[in-house]
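I have placed the structure first, in the form of structure tokens, so that the comments after it can refer back to it.
The values are calculated or read from the model by the stated rules, or taken from the named source; none is laboratory data. Everything quoted here is computed from the prediction, not taken from an experiment. Cβ atoms come from the backbone with ideal geometry, glycine included; neighbour counts cover every protein chain shown. Heavy atoms of the whole protein, side chains included, go into the accessibility calculation; ligands, DNA and RNA do not. Shrake-Rupley method; radii C 1.70, N 1.55, O 1.52, S 1.80 Å.
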Amino acid sequence: MTLDIAALQADLQAKGIDVLRLIFPDVLGITRSKDLLVSQLHRTKSPLFCQGVWVTTTGGDVLDGNDIMSSGLPDLLTQIDPETLTMMPWEPGVALIIGDAFNPDHSVSDVAPRSVLQNVIAEYAALGLTPTVGPELEFYIANYDEETGWSRSLSRTGRVYTTGEHVDPGGQFLNLMRMLDGMDIGVFAGNHEFSPSQYEINLWHSEALNAADRTFLFKTAVRDIVARTGKHALFVGKPWDDEGGSGFHLHFSVVDEDGNNIMSDGGAGLSETASHMIGGILAHAGALAALSNPTVNAYKRLGPDTLAPYRANWGHDNRSAMLRVPPERGAGTRLEVRLGDPAANPYLLIASTLAAGLDGIKRKLTAPAAVEGWAYADESAAILPMTLTAALDALDADTVMRETMGSTVIDVFTVLKRDEVARYEDSVSDKTTRDISQWEIDEYFADY
């Protein structure tokens with residue numbers, strides 16, 4: 001991409017922006033950033049970072065994935081994408097912009113999650129298809145006190161699908177919605193969710209890369225806006241033992257070269273393409289679990305009778321299944337993959353889901369019979385991985401996922417996550433416990 005720095009500089013200055021915050025996601029999905037002075041953009045055309053950022057754990061250790069450590073921690077170059085420029089209404093004079101990552105020789109980084117997604121999208125383009133994605137994320141708002149630790153900001157139960165002062169004392173959530181609206185990232189609705197101090201905000205669907213960018217911007221913004229009020233937004237799958245977990249649900253469809261949604265059969269049913277995609281997603285459910293539920297904590301959300309997935313199954317308008325087909329047809333026909341955890345890197349979650357669906361299309365896989373009723377009672381489908389270790393084993397064994405997404409990012413992800421599992425298991429007396437440990441609180445709450 002050719003970047004006209006002078007034009008960007010002039011545009012930003014005309015908008016009153018004097019600081020440009022360059023952000024990109026590491027492999028874990030954590031926002032990495034650098035503030036650039038707009039007046040000096042001509043001097044910082046390719047801002048530099050250390051590649052150690054790709055292999056830094058949430059515990060602060062730097063590992064040797066992809067030989068990054070043993071090669072002397074070389075640089076990575078970034079190139080800002082002007083199409084991702086986003087205002088920060090809560091921080092006058094500052095704007096966000098997403099950067100792509102490159103190696104020192106200017107080749108595209110195989111580790112960079114955004115590049116991985118772009119490569120998978122290109123596989124669809126080769127078939128004349130464009131994937132469309134609509135993300136839905138849940139999160140908690142929490143208090144933190146150095147003496148008493150973490151707690152939910154609200155305690156009253158039974159207030160799902162409500163808004164107003166009784167679930168938003170002081171108007172914090174209302175302010176959050178207004179700030180997100182000012183970013184113009186497709187936020188259109190929000191409400192209190194099922195558990196106390198749990199919220200959901202809806203993002204409009206769009207082409208897959210744009211949807212991933214907007215999700216990344218959304219998570220970055222929510223954490224920053226909420227932190228300014230003295231509270232914390234937790235995109236953690238299962239932060240509390242006594243309440244439900246949070247999900248990252250992904251609505252997914254494909255359109256042809258004429259812009260037509262090809263998921264419907266023209267009537268009340270699904271097309272062969274949709275059936276193939278369902279078959280592919282279910283066939284790769286184990287590997288998908290690792291990339292969409294990338295923490296030890298995530299697997300304490302999954303299980304029977306949790307309203308989170310337990311088996312690799314699908315159903316029509318059935319929220320107890322891993323994959324739900326909403327009732328809309330025509331242009332609104334889509335799949336809802338309900339497996340994800342909000343701690344997931346949105347680029348890797350979307351890329352892996354697309355990769356699985358693509359394999360279904362290419363191999364013409366057939367969807368099994370749809371589950372009916374309470375899906376947890378139907379034992380016909382395989383149980384999903386119930387630990388991060390089991391999910392990583394499934395990912396390691398999935399050659400299609402490795403070929404489509406690239407071995408480098410899978411290897412680095414696995415190195416980080418095997419280390420995470422080892423540190424967790426060293427910290428707990430019972431490795432099979434479903435209780436939330438202090439290690440998880442210390443490891444995840446500050447970063448997710």
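Here are some notes:
- Here the peptides 373-379, 409-415 are ranked by packing, the mean other Cβ count within 10 Å, and the order with the highest first is 409-415, 373-379.
- Here the Gaussian network model covers the chain, with springs between Cα atoms less than 10 Å apart; of Gly190, Gly29, Gly60, Gly60 fluctuates the most.
- Solvent-free Debye scattering, log10 I(q)/I(0), computed from the Cα coordinates of the stretch 272-416 at q = 0.12, 0.16, 0.18 Å⁻¹: -0.44, -0.80, -1.01
- For Asp145, neighbours were defined as the other residues whose beta-carbon sits under 13 Å from its Cβ, and their charges (Lys and Arg +1, Asp and Glu -1) total 0.
- Residues whose amide H comes within less than 5 Å of that of Leu76, counting only those at least five positions distant or on another chain, are Phe49, Cys50, Gln51 (H built at 1.01 Å from N in the peptide plane).
- Two-decimal log10 I(q)/I(0) for the stretch 270-351, as the Debye equation yields it once each C-alpha is a single scatterer, q = 0.11, 0.20, 0.21, 0.23 Å⁻¹: -0.29, -0.92, -1.00, -1.16
- For a straight C-alpha distance cut-off of 26 angstrom, the lysines reachable from Lys15 (same-chain residues fewer than eight places away being disregarded) are Lys34, Lys45, Lys219.
- Ordering 138-147, 294-303, 422-431 by mean Cβ neighbour count within 10 Å, with the highest value first, yields 294-303, 138-147, 422-431.
- Of all accessible heavy-atom area on the chain, the percent that carbon and sulfur account for (1.4 Å): 49
- Accessible heavy-atom area order of Ser195, Ser107, highest first, probe of 1.4 Å: Ser107, Ser195
- 5 angstrom amide H check on Ile436, placed H, neighbours 5+ away: Asp241
- Taking θ as phi - 60° and the Karplus parameters 6.51, -1.76 and 1.60, the scalar couplings of the stretch 179-190 work out to 5, 5, 4, x, 7, 6, 10, x, 6, 9, 7, x Hz in sequence order, x denoting glycine and proline.
- Near the amide H of Ser264, within less than 5 Å, lie the amide hydrogens of Ser271, all on another chain or at least 5 residues away, with H placed in the peptide plane.
- Expected 222 nm ellipticity per residue - DSSP helices of 4 or more, -39500 (n - 2.57), all of the chain, to 500: -10000 deg cm²/dmol
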